Amino acid sequence: MTDERAVRLLTPLRGEPEGPARIDVGRAMAEGRRRRVLRRWSGGLALVAVTSVTAAGGTLAATALREGTPVPSPTPVATASAAVSAVPAGPAGPKDCRVDRLPTGRVTKALVTAGDPSGRYLTGRLYNNPSANTIIWRDARILARPTVPGDDGRWSDINRSGVAVGSGFVTDDREQAYVYRDGKVTALNGRATAAYAINDAGVVVGSIGEVLNEAPVRWNSVDAKVTRLPLPDGVTLGRAEGISEDGTVVGSVEPPGKRESTGYLWLPDGTARMMPLPSVGRKKADLFWPESIIDGWVAGRAVFDEKDVRTFASFRYRIADGTYELLAQNVIPALISENGWLAGDLGGPVVLAGNETVKLPRHPTGGDYQISSISVDGRVIGGSSSFSLPGDKVGNDPLIWTCR
């Protein structure tokens, strides 16, 4: 489905965000997370019971919208595009996990947007609060409540030093990137920029350009000038979405003739390459959407399109040899820790440890969950719950899970 069709179908739902969507409609419909032109309706879908969306004579199945349904009967096979194997047994999963609501003062509606590698820092967004639109926690206590200028202000990432990066909309189709450092919010260099990730060395990555026309960029520090990352011949659109401690950057680019993006890597040695596409059974993926990067691994979802149905399968990708491992479950998103554990939602919050699926405890108010971060040791997970309130409203609680 093209972005224009999605806009026409979903324009009636536009409005101030009510919280994270319970189904990842934005990503299922033309990579909505990148197509932020649709941002204002994303939260408004939180209580919509979608059964199907019809456009151009076709139907996007509800199973595809949920994204929790793996490709039927997955049987990994090697292909010319990328070798695929099953995830080997890893260390035993986390134990004795507990969930707590993070403090928000008098604000009753908030969510977690990111976390640092150590698990000490988490960032969040506040709703219905005139004095500040974001929040930063350190050791599960309120550290600061800064305001990100513009609409839809949020922090997308934070490092071990407590330096956070994010963005806000200054017009309907233009963002500005910001940094929080030493108690202050300042703009990063460049116009029409968005910041998505920062590593412990202070290198920031993101995009430049108006919505639907972004290109990937990097700031070598929060005080540096923005520089564009190289793109393949014939490609003009993309964005940089994650950066590891060794400087490897992962993102996505939009190949010529396509309306959606697929995974791309910029390596520390200055080279760059398209991520190959894995296969499940005899079906080769149409796209790969990276969702996290750590220590030589990228985790994300492969996209399979067939007629009017879109399905997904979760993988982790080894950068060194270009091979994929099919995850035992299709988690949303796939956030990877240093020991190979992955956190996400699977009809509830979970951590995957090899073939073991560890269910995280639910919060008493939570109906649906959105996982936003996992620490490098896999023992601190940040996320949010989404639940119904009277009057067709949506509540959100910012949560932290701690395990041993």
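Quick notes on this one:
- Remark: the Thr271-Arg106 segment gains 54.5 nm on full extension, using 0.36 nm per residue and subtracting the alpha carbon distance.
- Applying 1/(1 + (r/R0)^6) with r as the Cβ-Cβ distance of Arg141 and Glu245 and R0 = 35 angstrom yields a FRET efficiency of 0.85.
- Based on protein heavy atoms only, the stretch 268-333 ends up with 39 Å² per residue of surface accessible to a 1.4 Å probe.
- Packing, as the average of other Cβ atoms within 10 Å across residues, places the peptides 353-360, 340-347 in the order 340-347, 353-360, highest first.
- Per-residue extension of 0.36 nm, minus the Cα-Cα distance of Asn189 and Leu389, leaves a gain of 67.9 nm for this segment.
- With all protein chains in place and a 1.4 Å probe, the accessible surface of the stretch 139-297 carries 46 percent carbon and sulfur.
- Local electrostatic count at Val112 - Lys and Arg +1, Asp and Glu -1, tallied over other residues with Cβ under 15 Å: +1
- The modelled label-to-label distance for the pair Asp151/Ser221, using points 7 Å beyond Cα in the direction of Cβ, is 3.6 nm.
- Label point of Arg362 set 7 angstrom out along Cα-Cβ; within the stretch 329-343, amide nitrogens under 18 Å from it belong to 332.
- Highest mean first, the peptides 211-220, 126-135 sorted by other C-beta atoms within 10 Å per residue fall in the order 211-220, 126-135.
- Rounded accessible area per residue of the stretch 350-404, 1.4 Å, Å²: 40 Å²
- Positive minus negative residues near Ala272 (Lys, Arg vs Asp, Glu; Cβ under 13 Å): +1
- Sequence ranges 95-104, 288-297, ranked by mean other-Cβ count within 10 angstrom, highest first: 288-297, 95-104
- In this structure, the residue pairs whose Cα-Cα separation is over 26 Å, taken from Lys258/Lys359; Lys258/Lys307; Lys109/Lys184, are Lys258/Lys359.
- Other residues lying with their Cβ under 15 Å from the Cβ of Ala86 contribute a combined charge of 0, Lys and Arg counting +1, Asp and Glu -1.
- Carbon/sulfur fraction of accessible area - the stretch 326-404, other protein chains in place, 1.4 Å, %: 49 percent
- Under 15 Å from the Cα of Lys393 - aspartates and glutamates, other chains or at least 8 residues apart: Glu16, Glu18, Asp368
- Based on alpha-carbon atoms, the Kirkwood radius and the radius of gyration of the stretch 125-235 give Rg/Rh equal to 0.99.
- In this calculation the C-beta distance from Thr236 to Ala320 is compared with R0 = 25 Å, giving a FRET efficiency of 0.30.
The values are calculated or read from the model by the stated rules, or taken from the named source; none is laboratory data. The model shown is predicted, which means the values in this text are computed figures rather than measured ones. No Cβ is skipped: glycine too gets one built from the backbone with ideal geometry, and neighbour counts run over all protein chains shown. Note: areas computed on protein heavy atoms with side chains; ligands, DNA, RNA excluded. Shrake-Rupley method; radii C 1.70, N 1.55, O 1.52, S 1.80 Å.
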